[in-house]
Amino acid sequence: MNNSLKRFIEDKNILWILLSLAIAFALWVIVINTQNPEDTKQYSVNMRVENYEMVTTAGYVVTNLDEIQNEKIRVTVKGPRMSLDNLSKNPDIVITADMSKIDYSALPGTATISLDYKLPENIDDIRIDSRPKIEVSLNLERLVTESFKAEVKPSGVASQGYRMVAQRITPSDIMVSGAESSVERVKGVAVNVDVTGMAEDTIVTAVPYAYDVAGEIVEDVNLNMNEVEIALEAHVTMTLPIDYSVNVPGEGYVVDEVICTPFELVVTGKPEVLDTIDSVVLPEIDVFNRVSSVQQVFYLDSLLPEGVRPASDTDKIIVDVKIIASADIWVDANAADVELTGKADSYEYSVRSEDYKLLLRGSGEKIFALSKDDYSVVVDVSGLEAGEYTMEAEVLLPDNIYLSGEKPQITVIVTDAQ
């Protein structure tokens, strides 16, 4: 050893200092293990809920249950240090909110119950030194249940020319239960089905969900079914005209205009069913003795044959009939404009050049606006031989303009072809 270092150690008694420190540490260990002084320690504990089934049995639901179960409570315990060390290895401190303590006399509303604190049974020399929370507030609402018809919300696009239609949902009735305020938000129950590329009948399963008026999922309710089965049929679409008829209004009045909304209907169905129909026929609209406009609504569920449904959300056809006071107006006509039908190649035909008048009834504005291209005067000359004939003509008029007077008498001359 270096002489100067040896001299330093001897002068400063370093060896004695180190020995003293070792003896002090050993004495400290002996004291800790023999005297075991008291200490405190903090733990963060989740609250447990017990007997919740008693709440639902009573017809209520705790709306802040998740908040209660997720709340962490800091608990300070006191006891011998060694016991605290053992507790730290398995800190099984239980804080319980016992729902059997609820007083239902003033509900629905807020109820307060005391919390129960429990330490592990195998450690009997420690105690709770501080409990910052001694009770918990519960928000209780009535538990209600409501039934909804499940509906299918398709997404994607089926194969070209096809439309997938849900014919059956099993089960179709879904029970939604929960707090009264939550169930009141539910507008309906739906399932999402992706129909991309489909072109034939198929059966799929989907998870139902409750939604509100904005179409958003209502999370805080329970459904009695986790899965439903949907039977899909592959349909084709067809556009059908809408045929309607209107009878005669009151004396002195006339139908001026008829507006049908929609004026045609796109429907979907099996091809073999659609082949049997060519239009949507409405019952006659009765305006007899009416002197003002009429609106009539026809619901499609009573008009379309079984297996045929609208391709859109349309569920009705609305027909508005405008009725106005009628006007009788004479209109000059020219014999040269008479149309002859049923002519034979072996004869030549001509009309005697005699002007005549037509007495028309309807909207005065529309009658005055008529041109010769808007109506036709037709005489059927089928079977006539050479000679001169005075014949009654048919007058073909636009909608809602009527022939009020007698049909015109037209003289037709038939001669042999040269």
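Computed values, structure above
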read-out	value
Subset of the range 249-261 [in contact (Cβ under 8 Å) with a residue 40 or more places away in the chain and surrounded by fewer than 14 Cβ atoms within 10 Å (Cβ to Cβ)]	Gly252, Ile259, Thr261
Which numbered condition Pro154 misses (of (1) touching a helix residue (DSSP H, G or I) at 6+ places or on another chain (Cβ under 9 Å); (2) modelled with pLDDT under 95)	(1)
Test: Ile318 is β-branched (Val, Ile, Thr), surrounded by 14 or more Cβ atoms within 10 Å (Cβ to Cβ) and assigned to a strand (DSSP E or B)	no
Test set (1) of a type in the set (Lys, Arg); (2) part of a strand (DSSP E or B); (3) open to solvent by less than 70 Å² (accessible area, probe 1.4 Å) - Lys133 fails condition number	(2)
Any chance Asp332 is free of Cβ contacts under 8 Å to residues at least 60 places away in the same chain, on the phi < 0 side of the Ramachandran plot, touching a Phe, Trp or Tyr at 6+ places or on another chain (Cβ under 9 Å) and exposed (fewer than 12 other Cβ atoms within 10 Å of the Cβ)	yes
Residue check, Ile318 closer than 16 Å to Ile259 by Cβ, touching a Ser or Thr at 6+ places or on another chain (Cβ under 9 Å) and β-branched (Val, Ile, Thr)	yes
Exclusive hit being among the hydroxyl-bearing types (Ser, Thr, Tyr) and without any contact (Cβ under 8 Å) to a residue 60 or more places away in the chain, set Thr56, Thr76	Thr76
Counted residues, the range 265-316 - those being touching a strand residue (DSSP E or B) at 6+ places or on another chain (Cβ under 8 Å), of a type in the set (A, V, I, L, M, F, W, C), touching a residue at least 24 places away in the same chain (Cβ under 8 Å) and over 23 Å from Met164 (Cα atoms)	6
So Tyr402, is it of a type outside the set (Asp, Glu) and either over 49 Å from the mean Cα position of the chain (by Cα) or open to solvent by less than 50 Å² (accessible area, probe 1.4 Å) (or both)	no
Residue that is modelled with the lowest pLDDT [pool: residues in the range 297-308 that are surrounded by 17 or more Cβ atoms within 10 Å (Cβ to Cβ) and part of a strand (DSSP E or B)]	Val308
Residue that is open to solvent by less than 70 Å² (accessible area, probe 1.4 Å), touching a helix residue (DSSP H, G or I) at 6+ places or on another chain (Cβ under 9 Å) and closer than 30 Å to Val273 by Cα, where the choices are Met238, Met164, Met198	Met238
Identity of the residue in the range 156-205, part of a strand (DSSP E or B) and of a type in the set (D, E, K, R), that ends up farthest from Glu229 (Cα to Cα)	Arg163
Matching option when the condition is touching an Asp or Glu at 6+ places or on another chain (Cβ under 9 Å), part of a strand (DSSP E or B) and modelled with pLDDT under 90, among Ile324, Ile242	Ile324
Residues that are exposed (fewer than 15 other Cβ atoms within 10 Å of the Cβ) and over 30 Å from Leu140 (Cα atoms), drawn from the range 173-195	Asn192, Asp194
Test: residue in the range 175-195 that is touching a residue at least 40 places away in the same chain (Cβ under 8 Å), hydrophobic (A, V, I, L, M, F, W, C) and within 30 Å of Thr76 (Cα to Cα)	no
Qualifying residue in the range 117-126 (condition: within 30 Å of Val183 (Cα to Cα), loosely packed, with under 13 Cβ neighbours inside 10 Å and modelled with pLDDT of 85 or more)	no
Residue ID - nearest to Glu251 (Cα to Cα), chosen from residues in the range 342-372 that are open to solvent by 50 Å² or more (accessible area, probe 1.4 Å) and assigned to a strand (DSSP E or B)	Arg361
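The values are calculated or read from the model by the stated rules, or taken from the named source; none is laboratory data. Only a predicted model underlies this, so the values are computations on that prediction, with no experimental measurement involved. All Cβ positions, even for glycine, are placed from backbone atoms using ideal geometry, and neighbour counts span all protein chains on display. These accessible areas exclude ligands, DNA and RNA; they are computed on the full protein's heavy atoms, side chains included. Shrake-Rupley method; radii C 1.70, N 1.55, O 1.52, S 1.80 Å.
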